[in-house]
Amino acid sequence: MSAHDSPTDDTDRQQEPFPPVSWRERKQLQQHFEAGCRRAEVGQFDGAIEMFSLCLQRDPGNLIYGHHFLKVLGRKFAAQQRPGLVARLKVKPIKKALAHARTNADWTTVLLAALDLLRIDPGAADGLTAMAGICLAVGANESQIFFLEQALATDPQNSELKQRLATALRLMGEFDRAKQHAPGKPKAANTDLLPSSEELAGLVQKMERLESDLASAPGNLALVNQLADLHLARDRPDFAEQVLAKALTLTGGGDLHLRTRLEDCRIAMAQRQLATARLQAEQSDSSAARRLVEQMETEANRVELEVFAARCQRNPSHSLWQFELGLRLKRAGKFQAAIAAFEQALDLPGHKSQLFIELGECWQHLRQFDWAFGRYIEAVEICDQSSDDIQKLALYRAGTLAMAMEKWAIAGEYLRRLAELEPGFKDVAARLDKLAEIGDKG
């Protein structure tokens, strides 16, 4: 094991669907990703698809890779006819191999079959839902939501897909979006979270079967996940947490998928409490209600910080988790620790500009203004039009800090560039007027 690999024990390595990506591998994936972007820009779609496919084969839960893979496939099939007969004949055996691999939890084969299927038909629901399942297995909830949304777009009336998407959104605390996708007619507000007698009886029966099955076969986790999903679908992450915690104990605590889902439930519970507090504050608008919101925000951040700290400890090379950890540390005012996390995440595709801004803000809070200014300049230099909001923020941070450091000419340069992009951005106009006054006096 190299120095950059995650120091997990043998049990974790066996049960984790895909091994952690080392720093060396991450660098190679970044090269593949950049090559894919270059080929896509000049219309070399097959080459771009191959590059993004290589990225997904090693890091299937990466949202940036998945988005670019489907985007280029969409461009390819928009520019040419659908696959011919020979390609379509391959679909049936691929689907058969995919179904067999999913039954046996052979994630590598599932991934390869799903990618092959999507190369033939980017809208193939089987391929998209398989990718969503892989993302769930590796704890990549945002990517799971992305693939489920793509699958639902091809089959808008599929109630199973709606249920899975609603559950995934609830795990992320996106309760309003979850309600939009939940199948069936909405119930009255005062009974929305209460199960019917038939549903309650079904839950009890499933729990009894689950306990019986786990007693004889602790490795069979299908019912665990099914029952947890039922609780989450009803906005009851606390019940789901109990189910998952018990299953994790029965399996010896080494199942990373269960551990990740349990952590997601903790986040969902904290976000649910925060959402309730915010709703109460909107209705009452009292100082006590506003203080409760602040307390719940602090508590939610504390829970998320603990979760991402634990994940980064299990897998230090996971750039997205390091990025998420850095955001929570920064929010908690732990700027030195946040800096360390953000620096670990600098190879996260599509986030480098934002990471430099986050680093600059941390250094600025620590009153290390030269370091902060340097990070803002780096953010400005690598921004492009595809990240317009980030570019504006980078220019604003660089310009305002330059003013505070009395670097008038540099401040004027960055703020004028920002004014060209958006004249009404924050207080840019007033700052430029002030710089003009300083120039007149000097």
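Rule-based calculations on the coordinates, nothing more; no lab input. None of these values were measured; they are calculated from a predicted model. No Cβ is skipped: glycine too gets one built from the backbone with ideal geometry, and neighbour counts run over all protein chains shown.
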Practice item. Give the relative contact order (percent, whole number) for the stretch 351-442; include only Cα pairs under 8 Å separated by 6+ residues. Key: 20
Check your understanding: Going by how many other beta carbons lie within 10 Å of each one, how would you line up 427, 370, fewest first?
Key -> 370, 427
**Study point:** Where the Cα pairs of the stretch 252-399 fall when distances are cut into 5 Å bins, in %
**Key:** 2, 10, 15, 15, 16, 15, 14, 9, 4, 1, 0
Practice item. Round to the nearest 0.05 the FRET efficiency obtained for residue 142 and residue 266 when R0 = 25 Å and r is the Cβ-Cβ distance. Key: 0.90
Exercise for review: Please compute the net charge surrounding residue 47, taking Lys and Arg as +1 and Asp and Glu as -1 over other residues with Cβ under 15 Å from its Cβ.
Suggested key: +2
Study note, to complete from the structure: Filtering trypsin sites (Lys or Arg not before Pro) in the stretch 342-427 by DSSP loop and by at most 13 other Cβ atoms within 10 Å leaves 367, 426
Point to revise | In Hz, Karplus ³J(HN,Hα) per residue of the stretch 404-421 (6.51, -1.76, 1.60; θ = phi - 60°; x = Gly, Pro) | key: 5, 8, 6, 9, 4, 5, 5, 4, x, 4, 6, 5, 5, 4, 5, 5, 5, 6
**Study point:** Alpha carbon centroid spacing (whole Å) that separates the stretch 271-293 from the stretch 118-168
**Key:** 33
Check your understanding: At a Förster distance of 30 Å, what's the computed FRET efficiency of residue 30 paired with residue 290, Cβ-Cβ distance as r, to 0.05?
Key -> 0.10
Practice item. List, largest first, the extents of the alpha carbons of the stretch 351-442 along their principal axes, each in whole Å. Key: 40, 29, 18
Review point. Can you sort 229, 155 so the residue with the fewest Cβ neighbours within 10 Å comes first?
Key: 155, 229
